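Engineer: If you scroll down you'll find the structure; I have some questions about it.
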Amino acid sequence: MQLLRDADIDPAPLAGKRVAILGYGNQGRAQTLNLHDSGVDVVVGLRGGSGSTTEAEASGLETALVEDAVASAEVVMMLAPDEIHAALYREIEPGLRKDAALGFSHGLSVRFGLVEPRSDLDVFLVAPKGPGTALRSLYIEGKGMIAVWAVAQDASGKAREIALAYGRAIGCGRAGLIASSFAEEAEADLFNEQAVVWGAVPELLVAGFETLVAGGVSPELAYLECVGELKLIAELIDARGIAGMREVISNTAELGALLGGKRIVDASVRQRMAEVLAEVRAGRFAEELTKEELGGYPRLENARAADRQTLLENVFERLRPRR
Ligand SMILES: NC(=O)c1ccc[n+]([C@@H]2O[C@H](COP(=O)([O-])OP(=O)(O)OC[C@H]3O[C@@H](n4cnc5c(N)ncnc54)[C@H](OP(=O)(O)O)[C@@H]3O)[C@@H](O)[C@H]2O)c1
């Protein structure tokens, strides 16, 4: 694995180039502000009537309509939601400058064919491994967020240098840029979302909470045990790794984890994880995402509403830290 940091990366390939960021959401906002503070000429491309225009301009940023931003830029970054990349790319393709570079922060739309970039374009990926809010706050603190980078099309022979200079300008070179491919990044990310951190972990917390409550434990204590301690273990793993985390917890907790962890996460869980990975690779999730967007997000809307009604959520609202 190749990990590059600021000292290994030449910022010059972005010098004199204008970057258009399409989308001013979670990643768009953070990446634009970091590029701006790194001295890059950047414009935010927004839809007519976008509510984000005022916010971006109040932060001292230049904004323009999507088509004008695209026409003015040598580098165009697709930071709108993945499920609209196909439509957005169709809209901007005629206005993309010949030999421009097209960037992504997730490999999904290229890996699964939602976007098939024109052959004269450089196509690169810089995917920060965390949310935009943290990408921005780390940058302000003088730190950075680790990111994965890749090149899918190298029309100019300079795509690699542009990708790395971009990653450096958004602050990721301070932590490290890891070489990958669009396929590897997309598949690993989609797998994790379903099978590990974002899909399985919250469901494990809910299952533990419900098991304790069904066993007669008060909802408040069940919440503190099963959900409230997540932050503690996350911080320990982040700072010390899994083995280091185990070394600093009590012998009681360590033995409990040893006896219980593999009993819950057994071979059947690994089998289902392998099934998820195979489905992701076969493009099933990309199909589901497209279907969800075309239908107006019915499953996401229903799940969001249902989540708010649970006992667990009720307890959270009562116990949440008051800031
Ligand atoms: N969220 C993360 O932490 C994260 C982490 C790593 C990578 N990524 C990747 O970063 C990319 C952006 O994700 P995100 O979560 O930052 O997206 P997001 O917050 O949902 O993006 C919202 C922005 O997209 C704009 N937008 C929506 N539809 C548009 C359209 N048709 N034309 C132009 N702009 C449009 C919105 O415009 P308005 O302002 O007008 O509403 C808004 O500014 C994705 O590829 C994602 O996989 C995200």
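The numbers here are math on the coordinates, done by the rules we state, and not lab data. Just so it is clear, the structure is predicted and the values come from calculations on it, not from any experiment. Methodologically, a virtual Cβ is constructed for each residue, glycine included, from the backbone with ideal geometry; neighbour enumeration extends over all protein chains shown.
Engineer: Can you tell me how much longer the chain between TYR297 and GLU193 gets when fully stretched, taken as 0.36 nm per residue apart minus their C-alpha distance, in nm with one decimal?
Structural biologist: Once the chain is fully extended between TYR297 and GLU193, it gains 35.7 nm.
Engineer: Taking the Cα centre of the chain as the origin, how large is its charge dipole in debye, to the nearest 20, when only Lys and Arg (+1) and Asp and Glu (-1) carry charge on their Cβ atoms? Before the final figure, lay out the partial values.
Structural biologist: Details: 34 positive and 47 negative charges, 109 e Å.
I would put it at about 520 debye.
Engineer: Post the alpha-carbon centroid distance, the range 1-79 to the range 198-277, in whole angstrom.
Structural biologist: 39 Å
Engineer: With +1 on the Cβ of every Lys and Arg and -1 on the Cβ of every Asp and Glu, and nothing else charged, how large is the dipole of the range 71-122 about its Cα centre, in debye rounded to the nearest 20?
Structural biologist: For this selection, approximately 40 debye.
Engineer: When DSSP assigns beta bridges and you keep just the ones with both residues in the chain, what percent turn out antiparallel, to the nearest 5? If you can, show how the numbers build up before the last one.
Structural biologist: Numbers: 8 of 32 bridges.
Of those bridges, close to 25 percent are antiparallel.
Engineer: Per DSSP H run of n ≥ 4, the term is -39500 (n - 2.57); total these for the chain, divide by its residue number, and report the mean residue ellipticity at 222 nm rounded to 500 deg cm²/dmol.
Structural biologist: Taken over the chain, the calculation gives -16000 deg cm²/dmol.
Engineer: Could you tell me which of the pairs LYS231/LYS262; LYS17/LYS158; LYS129/LYS262 are separated by over 25 angstrom between their Cα atoms in the structure shown?
Structural biologist: LYS129/LYS262
Engineer: How far apart, in nm, are two points set 7 Å out from the Cα along the Cα-to-Cβ line at ASP37 and at LYS262?
Structural biologist: That separation, rounded to one decimal, is 4.5 nm.
Engineer: With only Lys, Arg, Asp and Glu charged, each at its Cβ (+1 for the first two, -1 for the last two), find how big the charge dipole of the range 170-262 is about the Cα centre; round to the nearest 20 debye.
Structural biologist: Result for the range 170-262 is approximately 280 debye, rounded to the nearest 20.
Engineer: With springs connecting C-alpha atoms under 10 Å apart, model the chain as a Gaussian network and identify which of ILE140, ILE92, ILE249 has the largest mean-square fluctuation.
Structural biologist: ILE249
Engineer: Projected onto the charge dipole of the chain (+1 at Lys/Arg Cβ, -1 at Asp/Glu Cβ, origin at the Cα centre), which of SER52, ILE237, THR63 gives the Cα projection farthest towards the positive end?
Structural biologist: ILE237
Engineer: What FRET efficiency do you get for ASP120 and LEU277 if R0 is 22 Å and r is their Cβ-Cβ distance, rounded to the nearest 0.05?
Structural biologist: 0.05
Engineer: Among LEU294, LEU14, LEU65, whose mean-square fluctuation peaks in a Gaussian network model of the chain (Cα, cutoff 10 Å)?
Structural biologist: With Cα springs under 10 Å in the chain, the top fluctuation among LEU294, LEU14, LEU65 is at LEU294.
Engineer: Say we join alpha carbon atoms closer than 10 Å with springs in a Gaussian network model of the chain; which of LYS17, LYS262, LYS158 then has the biggest fluctuation?
Structural biologist: LYS262
Engineer: Once both labels are modelled 7 Å past Cα along the beta-carbon direction, what's the ARG322-GLU229 spacing in nm?
Structural biologist: 2.7 nm
Engineer: Continuing with this model, one more query. Between GLU210 and GLU184, what FRET efficiency comes out of the Förster formula 1/(1 + (r/R0)^6) with R0 = 41 Å and r the beta carbon distance, rounded to 0.05? Please report the intermediate quantities before stating the final value.
Structural biologist: Working: r = 36 Å, r/R0 = 0.88.
Once rounded, the FRET efficiency stands at 0.70.
Engineer: The range 165-237: which chymotrypsin sites (Phe, Trp or Tyr not before Pro) are DSSP loop and have at most 13 other beta-carbon atoms within 10 angstrom? Write down the numbers at each step before the final one.
Structural biologist: Numbers: sites: TYR166, PHE182, PHE191, TRP198, PHE209, TYR223; in loops: TRP198.
Loop-located and lightly packed - TRP198.
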